[in-house]
Amino acid sequence: MPKGMVENVIGGATAGTKLREMIRQLEIDVVNLKGKHEKILDILKLRDEIQEELQRLLEQNLNLKSEQTRVETCDLIMERQVQLVESELKSTGGLAAARKQRNPPEELKYWFIDIAYYQAKAKKLKSTLIAVPIIAVVVVGLAWLSIFLFGPNNVNARSRTAFVNGQKWLERGELTNAAREFESSIRIQKKNAESMTYLGVVYEKQGKTDEAKNQFTMAQNVFNDRRKYLMVLGQAYNTIGDPTKAEETFTLLIKTSPNYEDAYLARGMIYEAQNKAAEAYADYEKASTLAEKSGNKGTYDNSLLRLNIVKKTLTPVSGG
């Protein structure tokens with residue numbers, strides 16, 4: 001084996017193979033942070049393990065430029081989602097509390113992404129208060145309104161909590177528990193189309209064909225938007241662990257709405273999870289092009305990030 005090349009021995013996992021598998025898992029995790037809560041700490045633990053493995057292999061004079069680029073991209077994704085990270089970790093005290101337990105060295109910058117975020121937030125607030133003193137009254141009013149509209153006793157919030165719990169059970173394959181939560185979500189908020197769609201998928205998997213059709217019909221009527229319904233349906237199939245139906249659903253959505261950028265992004269992520277790099281690349285490229293034209297910044301940024309990650313999997317590792 002030439003010096004400076006990551007091993008790739010057929011028939012056995014090498015150190016380089018292990019590193020790439022870890023990075024691959026990290027790439028999947030960092031774009032799916034919503035609803036992870038304290039599991040985000042497991043993602044940071046994986047990032048620590050990747051750092052240790054990178055350091056160990058670099059000490060062997062291996063060429064890891066491609067792997068390092070992929071890891072840096074993951075770090076950038078995490079940094080750009082720091083607000084979501086802090087929201088998901090709110091119940092455990094955020095990254096600050098996690099650092100107290102982990103006590104990471106300062107060079108592991110991904111453990112400290114919240115600091116700059118809160119500094120910028122505080123600076124912006126200070127500037128606003130100096131420029132417009134009356135904003136304090138407005139903030140108090142908005143805070144009260146937020147509690148009134150979205151507090152824990154609010155119908156929307158309670159229904160959403162049941163829906164998220166249903167998703168968690170679904171990810172674990174617990175169909176009975178998932179159905180119970182989605183049913184609860186609908187009882188709380190009768191026109192929760194997302195819960196209807198997910199419940200329909202659960203019923204379908206349980207062999208309750210008629211009940212499933214009823215839920216799908218009601219969901220479509222509430223959504224009153226074919227694109228939105230198919231998007232949620234595809235996501236539900238993906239959550240329940242049926243990538244084939246998820247892909248079919250997103251493909252149908254693309255066929256009926258060929259300029260819908262979010263559909264290409266969603267299908268690309270299905271392809272990527274199945275290691276269909278070329279197909280994923282094509283969908284991410286299409287999504288980014290359409291999103292740029294429509295001004296959909298969120299989808300545009302996410303598509304470019306995924307495009308960059310998939311591109312690395314299509315580029316062979318070269319020797320140094």
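Every read-out reported here was derived from the displayed coordinates using simple, explicitly stated rules and does not represent laboratory data. On a predicted model such as this, the values are computed, not experimentally measured, just so you know. Cβ atoms come from the backbone with ideal geometry, glycine included; neighbour counts cover every protein chain shown.
Condition first: over 17 Å from GLN235 (Cα atoms) and not hydroxyl-bearing (Ser, Thr, Tyr). Now tell me which residues in segment 182-198 satisfy that. Hits for segment 182-198 are GLU183, ILE186, ARG187, ILE188, GLN189, LYS190, LYS191.
Within segment 196-234, if we keep just the residues that are surrounded by 20 or more Cβ atoms within 10 Å (Cβ to Cβ) and polar (S, T, N, Q), the residue that is nearest to LEU170 (Cα to Cα) turns out to be THR197.
Residue-wise test of (1) surrounded by 14 or more Cβ atoms within 10 Å (Cβ to Cβ); (2) not acidic (Asp, Glu).
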site: LEU253; (1), (2): yes, yes
site: THR256; (1), (2): no, yes
site: GLU261; (1), (2): yes, no
site: TYR264; (1), (2): yes, yes
site: ILE270; (1), (2): yes, yes
site: SER288; (1), (2): yes, yes
site: ALA291; (1), (2): yes, yes
site: THR299; (1), (2): yes, yes
site: LEU307; (1), (2): yes, yes
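Scanning segment 239-266 for residues that are assigned to a helix (DSSP H, G or I) and either under 21 Å from VAL164 (Cα atoms) or in contact with a strand residue (DSSP E or B) (Cβ under 9 Å, 6 or more places away or on another chain) (or both) yields THR239, PRO243, ALA246, ALA266. Applying the condition of being aliphatic (A, V, I, L, M) and buried (at least 20 other Cβ atoms within 10 Å of the Cβ) to segment 58-70 and asking which residue is nearest to the chain's Cα centre (by Cα) yields LEU64.
When the residues of segment 168-195 are narrowed to those that are small (Gly, Ala, Ser) and either buried (at least 24 other Cβ atoms within 10 Å of the Cβ) or out of contact with any helix residue (DSSP H, G or I) (no Cβ under 9 Å at 6 or more places or on another chain) (or both), which ends up nearest to ASN224 (Cα to Cα)?
Quick first cut of segment 168-195, residues small (Gly, Ala, Ser) only: 173, 178-179, 184-185, 193, 195.
From what is left, the residues that are either buried (at least 24 other Cβ atoms within 10 Å of the Cβ) or out of contact with any helix residue (DSSP H, G or I) (no Cβ under 9 Å at 6 or more places or on another chain) (or both) are 173, 178, 185, 195.
Details: GLY173: 30, ALA178: 25, SER185: 20, SER195: 15 Å.
Within segment 168-195, the match that is nearest to ASN224 (Cα to Cα) is SER195.
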